[in-house]
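Worksheet: the structure to be examined is printed underneath.
The values are calculated or read from the model by the stated rules, or taken from the named source; none is laboratory data. This is a predicted model, so every value here is computed, not measured. Reconstructed Cβ throughout: ideal geometry from the backbone, glycine too, with neighbour counts over all protein chains shown. Side chains are part of the model used for accessible areas, which takes the heavy atoms of the whole protein and leaves out ligands, DNA and RNA. Shrake-Rupley method; radii C 1.70, N 1.55, O 1.52, S 1.80 Å.
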Amino acid sequence: MDAQNKLRKNSDSRGSLCRVWYDAATVREICSRAGANIAAVNYHFGDKRNLYASIFDRVFEAVRAYRTPFLPRSEPPEQRLAIYVRAFFEELYYCEEDQREAGDIAAIYLMEMARPTEALDHIVQAYIAADAEELQDIVTAMLGPDAEPEVVLNCASSIAGQVLYYYHAQPLIARLHPEVPAIRERVDALVDHVVRFSLAGVSSFKQGSNG
């Protein structure tokens, strides 16, 4: 395996980035953890920024392989929403069998939210923007073409926020409700809940606009 693939696939390279801030992690440390030659890494990536973006590319390529494909626009928006929510949960909970690796990925993601780097612009444009547009298109189809853009955005954000809450608050949920099975074990039930809750919420805005 060449240095480029080794860095992209080796979980230790992600681990070195998630254990310290991006600014503090050195290319030498990342290469040491991954067993890669620093000269070859410099040749393939040029600098830490490109290496960091490449690690995220590897992560998103992996998680997108696990999720259910979105439905076409010709399908009813309610069905499209159900598939969207399921795909979102699948991406977060079924992407990695190795829990340590999944933890490293989550840590890097949270670090980007707390202290964004140059890589975030690439991540948004390459992976996040299309999904956000898909969800807003679904909400628009449910509300109607005359829906206010701010209402569409807020509804879409609320739908996504439900899924992200379960992801980010797992440690809190486990401590507050130890009797409840782990989220990974009840994804089907949570998908159904988020879809039903979201349909009711979006419907209330549609009724309000009609009233």
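General observations
- Test for Gly161: is it loosely packed, with under 14 Cβ neighbours inside 10 Å and at positive phi: no
- Within the option set Leu135, Leu92, Leu51, Leu71, being at pLDDT 80 or above and open to solvent by less than 20 Å² (accessible area, probe 1.4 Å) holds for one residue only, Leu135.
- Of all residues in the range 171-211 being in contact with a helix residue (DSSP H, G or I) (Cβ under 6 Å, 6 or more places away or on another chain) and farther than 30 Å from Glu148 by Cα, the one that is surrounded by the fewest Cβ atoms within 10 Å (Cβ to Cβ): Arg184
Yes/no per residue for (1) without any contact (Cβ under 8 Å) to a residue 40 or more places away in the chain; (2) under 14 Å from Lys206 (Cβ atoms); (3) not in a helix (DSSP H, G or I):
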{"site": "His122", "(1), (2), (3)": "no, no, no"}
{"site": "Ala126", "(1), (2), (3)": "no, no, no"}
{"site": "Asn154", "(1), (2), (3)": "yes, yes, no"}
{"site": "Tyr165", "(1), (2), (3)": "yes, no, no"}
